[in-house]
1. Checking Ala24 against (1) over 20 Å from Ser107 (Cβ atoms); (2) out of contact with any Leu (no Cβ under 6 Å at 6 or more places or on another chain); (3) crowded, with 18+ Cβ neighbours inside 10 Å; (4) small (Gly, Ala, Ser): exactly one of these is not met. Which one?
2. Do you know which residues across segment 64-84 are open to solvent by 60 Å² or more (accessible area, probe 1.4 Å) and assigned to a loop (DSSP other than H, G, I, E, B)?
3. Quick one: is Val48 on the phi < 0 side of the Ramachandran plot and either without any contact (Cβ under 8 Å) to a residue 12 or more places away in the chain or buried (at least 16 other Cβ atoms within 10 Å of the Cβ) (or both)?
4. Identify all residues within segment 18-64 that are closer than 18 Å to Pro88 by Cβ, more than 13 Å from the chain's Cα centre (by Cα) and not hydroxyl-bearing (Ser, Thr, Tyr); write none if there are none.
5. Are there any pairs, at least 6 apart or on different chains, whose C-beta atoms fall under 9 Å, with the first in segment 1-27 and in a strand (DSSP E or B) and the second among the polar types (S, T, N, Q) and exposed (fewer than 12 other Cβ atoms within 10 Å of the Cβ), and if so, which?
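The values are calculated or read from the model by the stated rules, or taken from the named source; none is laboratory data. Everything quoted here is computed from the prediction, not taken from an experiment. Note that we place each Cβ from the backbone using ideal geometry, even for glycine, and neighbour counts take in every protein chain shown. Please note that ligands, DNA and RNA were not included when accessible areas were found on the heavy atoms of the full protein model with its side chains. Shrake-Rupley method; radii C 1.70, N 1.55, O 1.52, S 1.80 Å.
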Amino acid sequence: QVQLVESGGGLVQAGGSLRLSCAASGRTLMSNAMGWFRQAPGKEREFVAGISWSGGTPKYADSVLGRFTISRDNAKNTVYLQMNTLKPEDTAVYYCAASVLNIVSASSITYNYWGRGTQVTVSS
């Protein structure tokens with residue numbers, strides 16, 4: 001079993017930055033793809049970014065490309081999401097997800113484990 005715990009959310013002004021962390025426990029995820037999703041009030045959960053076990057060729061949603069950066073530290077079993085130039089429309093609960101495979105996908109059904117989420121609020 002895998003437990004994922006997100007941290008680093010909070011309230012920030014538009015144009016600001018936040019760094020989210022996702023710590024995994026229960027088993028090593030060194031060979032697994034990891035992803036970040038978000039869900040705003042009244043909207044469906046959407047893909048934000050994903051990364052393979054090696055960290056190469058990360059995938060991003062068009063809405064965050066150039067502003068967000070996903071990275072991972074396999075030695076610490078941790079995945080990060082650096083969010084810069086935040087906009088009010090980035091306000092959402094952000095979820096960390098892990099796949100049992102090393103497939104970076106924008107589809108939530110390919111991820112097997114989920115954290116409980118961390119709130120990010122961007123004020124205008």
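1. Among (1) over 20 Å from Ser107 (Cβ atoms); (2) out of contact with any Leu (no Cβ under 6 Å at 6 or more places or on another chain); (3) crowded, with 18+ Cβ neighbours inside 10 Å; (4) small (Gly, Ala, Ser), Ala24 violates only (2).
2. Leu65, Gly66
3. On the way: on the phi < 0 side of the Ramachandran plot: yes; either without any contact (Cβ under 8 Å) to a residue 12 or more places away in the chain or buried (at least 16 other Cβ atoms within 10 Å of the Cβ) (or both): yes.
For Val48, the condition - on the phi < 0 side of the Ramachandran plot and either without any contact (Cβ under 8 Å) to a residue 12 or more places away in the chain or buried (at least 16 other Cβ atoms within 10 Å of the Cβ) (or both) - is met.
4. Initial filter on segment 18-64 (closer than 18 Å to Pro88 by Cβ): 18, 20, 38-43, 46, 48, 61-64.
Subset that is more than 13 Å from the chain's Cα centre (by Cα): 40-43, 62-63.
Matches in segment 18-64: Ala40, Pro41, Gly42, Lys43, Asp62.
5. Leu11/Ser123; Val12/Ser123; Gln13/Ser123; Gln13/Ser124
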